[in-house]
Amino acid sequence: MFRALPTFWIAACAALFAAAQAVACSAIDFTELTLPQDSRPPAVRALLAAYPDLMLSPDGAAISRDGANWLPLGTARDIGPRQALVDASPMDQFLQTYPLGSSPEALEQRTAPFFDPGRFRNTPLFAMLWFSSEAAARNSLVRVGFSGLSDGAVMVTSHRGVDCQLRAVVARLDGGSGAVKAAFRTPGGGFNWRRISGTDRLSAHSYGIAVDLNADLGGYWRWSGATEGQVGAYDNRIPPEVIEAFEAYGFIWGGKWHHFDGMHFEYRPELILHSRIAANTR
Ligand SMILES: [Zn+2]
């Protein structure tokens, strides 16, 4: 009996810890979040609202997480998409406004060549927000299962509650149609520390903030045989409720890109908020 006590207490503590984690997991619906109302540029407002621990320098020109290392925001420059893909300043990331929702208007914007909102990424900002080493990213990983939708699971980061946001997506879709469940079958994966094919830039999967669903349904522009900048129609088979659930919890969808990546969802709450702020201020 005496020897059994430690085991009991370990089990009890583990149960309490799990319960505390469940309570601590409070997902944010970024399509409902109250928008910041001030005179700062929409992109700055979106960044600070999406990542409340970021600080803005007094002159509004740089951001920091620790007050010691300041990253210049730059300006949204008049540069072409090819340059923005390889050399985006933090502000250049917002050159194109991500279209929210699953309306025909939102889905048709991708027919414009190089309309790829979310593909312009500033690597130093991603290092500040997420990780600058594979080891740090790996240390943060947790498994999120698609229980209720499929027997699949992916590894994503727990940093900034990304795992919690993904669990909220799954919970919202639980009980969905066969098409919804099919999208979550045999997922392509989450965390993967790797460079984007043909480039020296880290993929969003490196930070554990991206999820690939069923590749058979998603579609990828390179597999279509298209030429860059001249990608044709995208045969979407991802149900609208899946797109909307991901967007609510901060994930943009690659199916809205000219260079479509229909299986790819990426945690970019700043782009969801920027889209809403831009719609209100125009
Ligand atoms: Zn992906």
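Report whether or not Ala168 is more than 13 Å from the ligand (Cβ to nearest atom), of a type in the set (Gly, Ala, Ser) and in a helix (DSSP H, G or I). So that I can check it myself, show each step before the final result.
On the way: more than 13 Å from the ligand (Cβ to nearest atom): yes; of a type in the set (Gly, Ala, Ser): yes; in a helix (DSSP H, G or I): yes.
Yes; evaluated as a whole, the condition is true for this residue.
So, Thr227, is that one farther than 25 Å from Ala136 by Cα, more than 12 Å from the ligand (Cβ to nearest atom), without any contact (Cβ under 8 Å) to a residue 12 or more places away in the chain and open to solvent by 10 Å² or more (accessible area, probe 1.4 Å) or not? Spell out how you get there, then give the answer.
Working: farther than 25 Å from Ala136 by Cα: yes; more than 12 Å from the ligand (Cβ to nearest atom): yes; without any contact (Cβ under 8 Å) to a residue 12 or more places away in the chain: yes; open to solvent by 10 Å² or more (accessible area, probe 1.4 Å): yes.
Yes.
Count, please, the residues in the stretch 253-282 that happen to be free of Cβ contacts under 8 Å to residues at least 24 places away in the same chain and within 16 Å of the ligand (Cβ to nearest atom).
1
Provide a single number: the residues in the stretch 164-199 that are closer than 22 Å to Thr123 by Cα and crowded, with 19+ Cβ neighbours inside 10 Å.
Total meeting the criteria: 2.
When residues of the stretch 31-47 are filtered for being among the hydrophobic types (A, V, I, L, M, F, W, C) and open to solvent by 30 Å² or more (accessible area, probe 1.4 Å), how many remain?
Taking the stretch 31-47 and keeping what is among the hydrophobic types (A, V, I, L, M, F, W, C), we get 33, 35, 43-44, 46-47.
Subset that is open to solvent by 30 Å² or more (accessible area, probe 1.4 Å): 33.
Residues flagged as among the hydrophobic types (A, V, I, L, M, F, W, C) and open to solvent by 30 Å² or more (accessible area, probe 1.4 Å) within the stretch 31-47 amount to 1.
Go through the stretch 205-224 residue by residue and tally those that are under 19 Å from Arg143 (Cβ atoms) and out of contact with any Gly (no Cβ under 9 Å at 6 or more places or on another chain). Reasoning before the result, please.
Here is the first cut: in the stretch 205-224, the ones under 19 Å from Arg143 (Cβ atoms) are 205-214.
Subset that is out of contact with any Gly (no Cβ under 9 Å at 6 or more places or on another chain): 206-207.
Result for the stretch 205-224: 2.
Output the qualifying pairs, or none if there are none: Cβ atoms under 7 angstrom, residues six or more apart or on different chains, first residue in the stretch 104-120 and within 19 Å of Arg82 (Cβ to Cβ), second residue small (Gly, Ala, Ser) and in a loop (DSSP other than H, G, I, E, B).
Every condition considered, the pairs that remain are Pro113/Gly229; Phe114/Gly229; Phe120/Ala88.
Please tell me if Gly250 is under 30 Å from Leu35 (Cβ atoms), surrounded by 24 or more Cβ atoms within 10 Å (Cβ to Cβ) and more than 14 Å from the ligand (Cβ to nearest atom). Step through it out loud before you land on a result.
On the way: under 30 Å from Leu35 (Cβ atoms): yes; surrounded by 24 or more Cβ atoms within 10 Å (Cβ to Cβ): yes; more than 14 Å from the ligand (Cβ to nearest atom): yes.
So Gly250 fits the description; yes.
Anything in the stretch 201-224 that is in contact (Cβ under 8 Å) with a residue 60 or more places away in the chain and open to solvent by 20 Å² or more (accessible area, probe 1.4 Å)? List them, or say none. Quick ask: steps written out before the conclusion?
Taking the stretch 201-224 and keeping what is in contact (Cβ under 8 Å) with a residue 60 or more places away in the chain, we get 201-202, 204, 206-209.
Hits for the stretch 201-224 are Arg201, Leu202.
In the stretch 118-160, which residue that is hydrophobic (A, V, I, L, M, F, W, C) and part of a helix (DSSP H, G or I) is most open to solvent (accessible area, probe 1.4 Å)?
Our first condition is that a residue be hydrophobic (A, V, I, L, M, F, W, C); within the stretch 118-160, this holds for 120, 125-131, 135-137, 141-142, 144, 146, 149, 153-156.
Add one more test, that the residue is part of a helix (DSSP H, G or I), and what stays is 125-129, 135-137.
Numbers: Leu125: 1, Phe126: 7, Ala127: 38, Met128: 30, Leu129: 3, Ala135: 63, Ala136: 39, Ala137: 1 Å².
My answer is Ala135.
The values are calculated or read from the model by the stated rules, or taken from the named source; none is laboratory data. What you see is a predicted model, and the numbers here were worked out from it, not measured in a lab. Don't worry about glycine lacking a Cβ; one is built from the backbone with ideal geometry, like all the others, and counts go over all protein chains shown. Surface accessibility is based on the protein's heavy atoms, side chains included, excluding ligands, DNA and RNA. Shrake-Rupley method; radii C 1.70, N 1.55, O 1.52, S 1.80 Å.
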